[in-house]
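K.L.:
Would you mind keeping the following structure in view while I ask a few things?
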């Protein structure tokens, strides 16, 4: 499964990349700190999952999230959140996010999230 990480915090992004690449059959193929780099990525390669920093989404008035869902309909998008504000979460889901996960969690929680999104589908 190919994953893209779009996260502003370089240290967190690199740590997450290392952790996810240790999980069997996961491959982080894109890691960037901004939307423009992701948009210039080769569209012929498929991405199954995008982990997207909530701050990037908020800064772009949710436009980036909406456009992602329109362009890559089958992709799963998980928002990486670092604060518990339920009001914003509702907006993320309205714009197409599939799940929200807190950044400061365990590798096991990421594994469970991926299983929930992909393996347990009926």
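K.L.:
Check whether at least one residue in the stretch 52-62 is at pLDDT 70 or above and assigned to a strand (DSSP E or B), and report yes or no.
P.N.:
yes
K.L.:
Sticking with this structure for a sec: Which numbered condition trips up residue 66, out of (1) in a loop (DSSP other than H, G, I, E, B); (2) modelled with pLDDT under 85; (3) at negative phi?
P.N.:
Just one mismatch for residue 66, condition (1).
K.L.:
Another question about this same structure. Scanning for something touching a strand residue (DSSP E or B) at 6+ places or on another chain (Cβ under 9 Å), surrounded by 12 or more Cβ atoms within 10 Å (Cβ to Cβ), under 18 Å from residue 28 (Cα atoms) and modelled with pLDDT of 85 or more, does the stretch 87-98 turn up at least one residue?
P.N.:
Looking through the stretch 87-98, none of the residues is touching a strand residue (DSSP E or B) at 6+ places or on another chain (Cβ under 9 Å), surrounded by 12 or more Cβ atoms within 10 Å (Cβ to Cβ), under 18 Å from residue 28 (Cα atoms) and modelled with pLDDT of 85 or more.
K.L.:
If residue 92 passes every condition in (1) within 16 Å of residue 20 (Cα to Cα); (2) under 13 Å from the mean Cα position of the chain (by Cα) but one, which one does it miss?
P.N.:
Single failed check for residue 92: (1).
K.L.:
Determine whether the stretch 11-31 contains at least one residue that is assigned to a helix (DSSP H, G or I), exposed (fewer than 15 other Cβ atoms within 10 Å of the Cβ), at pLDDT below 80 and over 12 Å from the mean Cα position of the chain (by Cα).
P.N.:
No, the conditions are met nowhere in the stretch 11-31.
The values are calculated or read from the model by the stated rules, or taken from the named source; none is laboratory data. Here the structure is a predicted model, which is why all the values come from computation and not from measurement. Every residue, glycine among them, receives a Cβ derived from its backbone with ideal geometry; neighbour counts consider all protein chains shown.
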